């Protein structure tokens, strides 16, 4: 089934996935990083202070995610999405008006848990478990939402913040969730639609004839354990780099506008990659694709280390976007193919916990690492990428456990 056939057959479901990925921008680092300068300047903080608050809050959100992931397997996802968006709206309003650091932390928790965590988890889980034929392409279409956000949001938000201030931008984000996201979710998915619940999807799916792994079984699977470092590479490196983009720009003599352009390039390249990734994953299988995911990002980081010029920025963002786009489609398809549809929400929330933990550590670790030099620290990240490739190669030769699979 090609893209056109998927869109004609399941436009509502794919739109549902697209909207979840697009509106997850409210809690993504690339969006929140645009507010760092305004928040720290207004309060007279050093960047390290906000990094500490941000990382701590992200850590708290990480431990909440597995609890919520189980609810995606139990309840109708339309209700989960509505509650999540409502919490995010509250977080945006807090961030727009608060002058207290505790309320600031609460607002960040609401948007991080809802955006980076639950909305993205809901979108990938529902699409991944419903689609069997053309799963990779269906995920690609849905995940274009976050790429579209990465293209249009940074330039718009940067300009808007310069004119109206960062607090007004949070009000705009709250309004978008309330006026666009929630009404569309209720319009797209009927209350009785089997798409909404894991049990009915699993019962109707051809995959229901195969065993579905529980979260505990997945965590004990050696194949899973070997690929965890690869799963965490992009979230850790990209989050740490983007969060400290103003520091990197100052150390390398770049402008803030150049970094914003880099983010837009990242979004555009990742969007193009997503469409290609769907064909590749459906054709080769996610297990084979996984072994090659980090090669473009490794080349981009290496280029950034070797050539401290302005053109190295778009190269870094562009090549990293290729790895990120491929991983975004490959990993959800891998879970659905390897571990079955029934407990995908619980499995993906456990993976989400690990991803958010790495994202929580990234700002502080990168702030410390960059103090020894941009080039030196990014060279360490090249070494990390090579280790990931080695472990993934070992995973390819690891047999499936006979007891479960």
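For the pair region 1-30 and region 55-114, the centres of their Cα atoms are 21 angstrom apart.
Per residue of the chain, the DSSP helices (runs of n ≥ 4 H) give a summed -39500 (n - 2.57) that works out to -26000 deg cm²/dmol at 222 nm. Taking other C-beta atoms within 10 Å as the exposure proxy, 384, 339 rank 384, 339 from fewest upward. Remark: the residue 76-residue 60 segment gains 3.2 nm on full extension, using 0.36 nm per residue and subtracting the alpha carbon distance. Label-to-label distance for residue 391 and residue 86 is 4.0 nm, based on points extended 7 Å past Cα in the beta-carbon direction. The overall shape of region 1-132 is prolate: from the C-alpha gyration tensor, with semi-axes ordered a ≥ b ≥ c, the ratio a/c is 1.5 or greater and a/b exceeds b/c. Distance from the alpha carbon centroid of region 330-405 to that of region 141-191 works out to 28 angstrom. Checking [x] 59, 45, 37; [y] 74, 52, 47; [z] 112, 51, 44 against the coordinates, the calculated Cα extents along the principal axes in Å falls under label [x]. Sequence-distant contacts, meaning Cα pairs under 8 Å at least 6 residues apart, place the relative contact order of the chain at 28 percent.
Note on residue 8 and residue 98: their simple-model spin labels are 5.0 nm apart, each label 7 Å out from Cα toward Cβ.
The ranking of 92, 388 by Cβ neighbour count inside 10 Å, starting from the fewest, reads 388, 92.
Read the figures in this text as sums done on the coordinates, not as results from a lab. Just so it is clear, the model here is predicted, and its values are computed rather than measured. Cβ coordinates were reconstructed from backbone atoms using ideal geometry, including for glycine residues, and neighbour counts include every protein chain displayed.
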